[in-house]
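What follows is calculated from the coordinates using simple rules that are stated; it is not laboratory data. All values reported here derive from a predicted model rather than from experimental measurement. Using ideal geometry, Cβ is built from the backbone for each residue, glycine included, and neighbour counts are taken over all protein chains shown.
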Amino acid sequence: MASNNDRYNPPVKHHQWSTHHSLSRDEFLDEVQSTLKLDKSVIQSALRHGGLTIGKKRIWREDIPQKIPAQTVIHLYHFLREPAEIEISKKDILYQAHDLVAYNKPAWLPTQGTRVSRIYCLEEKLRIILNCPTLMALHRLDRQTSGVVLFGKNGKVAAEFMKKFETRQIDKKYLAVVSPPPEKKSWKVSGYLVRDFRKLPRDVFKFSPKETKESKWSESDFSVVHTDGKLALVEAVPLTGRTHQLRIHLSSSGCPLVGDHIYGKPDSSSKGIRIQLHAQELSLSINNQPIRIVASVPEDFILKPVST
């Protein structure tokens, strides 16, 4: 049986080349098929997903220019197999007012489009079901992370609330399942994150107590909600918003996220389990009124809060 990673995050192939001479639209499509040995269905899929870039312009099929100049740089990204569809519906909208939309993102669906697809993402799917082509994500969650994501319906609102995220006027709270359980009931992690260039093209970062030219400051608070054998449910509050911040901070604390095979230790018991991180809550102020947006814990979360 295929894992969720295989189903929802299939391998991607990237081709890059430059045209030797000027090509018509039809000549270009013929050259792609004959030179790259790609089936027509693969090319059609790449065009449908928006995985083709000609020069610096991302292309949809109807937008392929009639003439492509010589020495034009081409990038073509395509899935080796189509990702399984992840349906969304209006019932998972958590908040909608003041040109803002909050949605409980399912695990495995990217928040925004990627180089291989601009349609296989929560942002584009919400644009369609809300009939709002200008909808824009104001922050992002990792592909495997579930929970609250906030969107703006227009550029003005997007700019305003992106600024609030940058200036820490919006508070985030996550739930994380870790193993082994932490030694402390509550603790803080602070230090610098720097990209690990040895891991390119994958986005991987290292934790360091020392500042470097490329590093960025990061800080998080953690507290244990409850433990269950070798597992612990932890409340995580990021005080900065760096890529992979909570994953790295928990790993550096000796209690990595279950399912995190990049920053954690490979464990056969977590095989097939997605990264156990859920963005449970956003707290913000709108027109001087405090708003608290809470996303219910999904079924695939292996340790849930104990009801009182």
Pairs of Cα atoms under 8 Å, at least six residues apart: use those to get the relative contact order of segment 12-79, whole percent. 54
Give, as ranges by residue number, the residues of segment 274-308 whose backbone N falls under 13 Å from the point 7 Å along Cα→Cβ of ASP92. 279, 295-301
Kindly put TYR192, TYR103 in sequence by how many other C-beta atoms sit within 10 Å of each C-beta, fewest to most. TYR192, TYR103
Computed for segment 90-166: size of charge dipole around the Cα centre, +1 on C-beta of each Lys and Arg, -1 on C-beta of each Asp and Glu, debye to nearest 20, value 120
For segment 1-73 and segment 182-240, what is the centre-to-centre distance using only Cα atoms, to the nearest Å? 38
Can you tell me the dipole magnitude for segment 171-294 around its Cα centre, using point charges on the Cβ only (Lys, Arg +1; Asp, Glu -1), in Debye to the nearest 20? 380
Ranked from fewest to most other Cβ atoms within 10 Å of their own Cβ, VAL306, VAL234, VAL157 fall in the order VAL306, VAL157, VAL234
Top positive-direction residue, dipole computed over the chain with Cβ charges, set LEU36, ILE273, SER89: LEU36
Can you list the aspartates and glutamates whose alpha carbon sits under 13 Å from that of LYS230, skipping same-chain ones fewer than 8 residues off? GLU183, ASP267
In a Gaussian network model of the chain with springs linking alpha carbons closer than 10 Å, the residue among PRO298, PRO181, PRO290 that fluctuates most is PRO290
Non-local residues with an amide H under 5 Å from the amide H of LYS105, with H modelled 1.01 Å from N and Pro and chain starts lacking one, are GLY147, VAL148, VAL149
Rounding to the nearest 20 debye, state how big the charge dipole of the chain is about its Cα centre with +1 on each Lys and Arg Cβ and -1 on each Asp and Glu Cβ. 520
Under the definition of Cα pairs under 8 Å and six or more residues apart, what whole-number percent is the relative contact order of segment 171-294? 31
Relative contact order as a percentage, the chain, C-alpha pairs under 8 Å and 6+ apart, gives 15
Quick note on CYS121, CYS132, ordering by fewest other C-beta atoms within 10 Å, gives CYS132, CYS121
Using a cut-off of under 11 Å, list every residue of segment 274-295 whose amide N is near the label point 7 Å from the Cα of VAL225 along the Cα-to-beta-carbon line. 277-281, 295
Reduced to Cα centres, the span from segment 276-293 to segment 87-118 in Å works out to 16
If I take R0 = 30 Å and measure r between the Cβ atoms of LYS185 and ILE128 in this structure, what FRET efficiency does the formula 1/(1 + (r/R0)^6) give, to the nearest 0.05? 0.10
So what J values fall out for segment 34-50 if you push phi through Karplus, 6.51 cos²θ - 1.76 cosθ + 1.60 with θ = phi - 60°, rounded to Hz, Gly and Pro as x? 7, 6, 8, 6, 9, 5, 4, 5, 5, 5, 4, 5, 4, 5, 5, 7, x
Between the DSSP loop rule and a limit of at most 15 other Cβ atoms within 10 Å, which trypsin sites (Lys or Arg not before Pro) in segment 214-308 are left? LYS230, LYS271
Pairwise over distinct Cα atoms, reciprocal of the mean inverse distance: report the Kirkwood radius of the chain in Å, one decimal place. 21.4
If you take the square roots of the eigenvalues of the alpha-carbon gyration tensor of segment 171-294 and sort them as a ≥ b ≥ c, do you get rounded (a/c under 1.5), prolate (a/b over b/c) or oblate? oblate
